[in-house]
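Here is the structure we will look at, set down as structure tokens.
The values are calculated or read from the model by the stated rules, or taken from the named source; none is laboratory data. Source: prediction; values computed, not measured. Virtual Cβ from ideal backbone geometry, glycine too; neighbours counted across all protein chains shown. The protein model used for the area step is the full one, side chains on, heavy atoms only, and it has no ligands, DNA or RNA in it. Shrake-Rupley method; radii C 1.70, N 1.55, O 1.52, S 1.80 Å.
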Amino acid sequence: MGIFQKLTPEQFQAIGTELDAIRNRVLADLGERDAQYIRGIIRRQRQLEVAGRVMLMIPPAWPLGVAALGASKILDNMEIGHNVMHGQYDFMGDPALNSQKFDWDSADTAKNWKQTHNYEHHTYTNVLNRDHDIGYGLLRMSEEQKWEPRFLANLPLTVILHTFFQHFVAVQNLKLEDYLIYKTKTGEQLKEEFKPVWKKMRKHLAKDYVVFPLLGGPMAPLVFAGNVAANLARNVWACAVIFNGHFPEDVEQFPESVIKDETRGQWYVRQLLGSANFHGGRLMHIMSGNLSFQIEHHLFPDLPAHRYAEISPEVQAICKKHGLPYNTGSFFQQTLSTWKRIAKLSLPGRRKPGNGATVPANDAEQPRELPLAA
């Protein structure tokens, strides 16, 4: 948090202006190249799904079927669903790619996801008590979180979270800890909130574990097992990508005081400090939904994600100019750092005293609406 006390109001304003310039330039350049990109990804995802589901019914090709179906689910989740529902392709005017109408092959409802992710997470990125993604109500991910005995299970619970990630995300909006642990939510409230979640979850489970196995006839057990394996691959990969972008040891979390009268430049700096990237080739970027550029995604969530690689050098230059860190490393490095943090925070320890993290007032710049696709 020291960076907030070191930067002057004029520097915050300059950072905001420079990053806004990048965003505005890309927005002005959106067009056919972006439309062709996302339509090409959708075609490939559908091809992989069809091929995968066919190969699951052919015993010698079963492993290839799992790989193809798993890849199709990852693309649908990461590069298509996540990015389309951020409004990245609303400019096309295509109803099939409209963020308000799109739904994905996931247990989570689009409506709930856009509330917890697009609005809560991207507006209050890494702000304790505001961003539920800090531990998902399940894990201790910050030294500022009061330690409770349940956090001794940080590591095994993280494994369970990776395994059933889409279902944990589906119930995230329910904030189950308020009912199970803190007793601030009633059973009736929880039951009512769960109805639309269960409707979507039930439909998703039926498709993969009833309909397609039945279509496989005598190959039903293979199809069932293949769907389990493909969904597991998607869950583990998606969770690992997200954790690597949010929880390496050098990624910061913030007290609620930082969002009081937060300016545009200050919001940008918080996104920079609360994010991490990881290296990789083009395939790695595509399969991660370009969340390998989590820093750029947090800065510009409504820009087509395939553009992040192009603007990353400009963002790095701005960071260097203003003395801001740009947290990046290999996938392995970020994974190791993340799991070290999870292990460390599972144990009781002295909470850091309040660091008085306040943001300097900036009379020259007033807070304005953030570029988020809610």
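Cα to Cα, under 27 Å, and not fewer than 8 places away if on the same chain: which lysines meet these conditions relative to Lys320?
By straight Cα distance, Lys320 reaches Lys6, Lys260.
Taking the Cα-to-Cβ direction at Leu214 and at Ala317 and moving 7 Å from each Cα, how far apart do the two end points lie in nm?
Placing both labels 7 Å along Cα→Cβ, they lie 5.9 nm apart.
Which value, in Å² rounded to 10, gives the accessible area of Trp62 with a 1.4 Å probe and all protein chains present?
About 70 Å², rounded to the nearest 10.
Run the numbers for Leu64 and Asn129: contour at 0.36 nm per residue of separation, minus the present Cα-Cα distance, in nm.
On the way: separation 65, 0.36 × 65 = 23.40 nm, distance 4.35 nm.
Result: 19.0 nm gained on full extension.
With all protein chains present and a 1.4 Å probe, how do Tyr37, Tyr209, Tyr89 order by accessible area, largest first?
Numbers: Tyr37 35, Tyr209 60, Tyr89 0 Å².
Correct descending sequence by accessible area is Tyr209, Tyr37, Tyr89.
Starting from the Cα of Gln5, step 7 Å along the direction of its Cβ; do the same at Lys199; then give the gap between the two resulting points in nm.
With each label placed 7 Å out from Cα toward Cβ, I get 5.1 nm.
What accessible surface, in Å², does a 1.4 Å probe find on Leu303, ignoring ligands, DNA and RNA and rounding to the nearest 10?
Leu303 exposes around 0 Å² with every protein chain in place.
I need the shape label for region 208-272. Rule: rounded when a/c is under 1.5, else prolate if a/b > b/c, else oblate, with a, b, c from the alpha carbon gyration tensor.
Prolate.
Which of the trypsin sites (Lys or Arg not before Pro) found in region 217-286 are in a DSSP loop and have at most 14 neighbouring Cβ atoms, other than their own, within 10 Å? Let's see the in-between values first.
On the way: sites: Arg234, Lys260, Arg264, Arg270, Arg282; in loops: Lys260.
Those that pass, being in a loop and sparsely packed, are Lys260.
What FRET efficiency comes out for Glu256 versus Tyr119 if R0 is 22 angstrom and r is the Cβ-Cβ distance? Round to the nearest 0.05. Please list the in-between numbers first.
On the way: r = 16 Å, r/R0 = 0.74.
Plugging the Cβ-Cβ distance into 1/(1 + (r/R0)^6) gives 0.85.
May I ask for the angle, rounded to the nearest 10°, between helix 32-55 and the longest principal axis of the chain, with both axes built from Cα atoms and the value confined to 0 to 90°?
40
Quick one: accessible area per residue over region 61-171, 1.4 Å probe, rounded to a whole number of Å²?
I get 34 Å² per residue for region 61-171.
Tell me the accessible surface of Met55 in square angstrom (1.4 angstrom probe, heavy atoms of protein chains only), to the nearest ten.
50
Straight-line reach from Lys203: which lysines fall under 27 Å, measuring Cα to Cα and dropping same-chain residues less than 8 apart?
Lys73, Lys101, Lys111, Lys114, Lys175, Lys185, Lys191, Lys195
How many Å² of accessible area per residue for region 226-266, probe 1.4 Å? Write out the running numbers ahead of the final one.
Working: 1210 Å² over 41 residues.
Each residue of region 226-266 exposes 29 Å² on average to a 1.4 Å probe.
Sort region 40-124 into rounded, prolate or oblate with this rule: let a ≥ b ≥ c be the square roots of the eigenvalues of the Cα gyration tensor; rounded if a/c is under 1.5, and if a/c is not under 1.5, prolate when a/b is larger than b/c, oblate otherwise. Show your work: numbers first, answer last.
On the way: a/c = 3.20, a/b = 2.02, b/c = 1.58.
Verdict is prolate for region 40-124.
Can you bin region 71-182 into rounded, prolate or oblate? Criterion: square roots of the alpha carbon gyration tensor eigenvalues sorted a ≥ b ≥ c, rounded for a/c under 1.5, prolate for a/b above b/c, oblate for the rest. Spell out each step's value before the answer.
Working: a/c = 2.53, a/b = 1.88, b/c = 1.34.
Since a/c reaches 1.5 and a/b is larger than b/c, the shape of region 71-182 is classed as prolate.
If you find the alpha carbon centre of region 215-252 and of region 12-68, how far apart are they in angstrom?
Here the two parts' Cα centres lie 17 Å apart.
Hey, what's the per residue convex hull volume over the C-alpha atoms of the chain, in cubic angstrom? Before the final figure, lay out the partial values.
Values: hull volume 54.0 nm³, N = 374.
Per residue, the Cα convex hull of the chain comes to 144 Å³.
Computed FRET efficiency, Cβ-Cβ of Gln36 and Gln100, R0 25 Å: what is it to the nearest 0.05?
Values: r = 23 Å, r/R0 = 0.91.
My answer for the efficiency is 0.65.
Ignoring ligands, DNA and RNA, please state the percent of accessible area on the chain from carbon and sulfur, probe 1.4 Å.
On the way: 10360 of 16780 Å².
Answer for the chain: carbon and sulfur cover 62 percent of the accessible area.
What do you get for the angle between helix 187-206 and the principal long axis of the chain? Use alpha-carbon atoms, 0 to 90 degrees, nearest ten.
The angle comes out near 50 degrees.
What is the extension gain from Thr186 to Phe331, computed as 0.36 nm multiplied by their sequence separation minus the C-alpha to C-alpha distance, in nm to one decimal? List each step's numbers first, then the result.
Values: separation 145, 0.36 × 145 = 52.20 nm, distance 4.12 nm.
Here the segment from Thr186 to Phe331 would lengthen by 48.1 nm.
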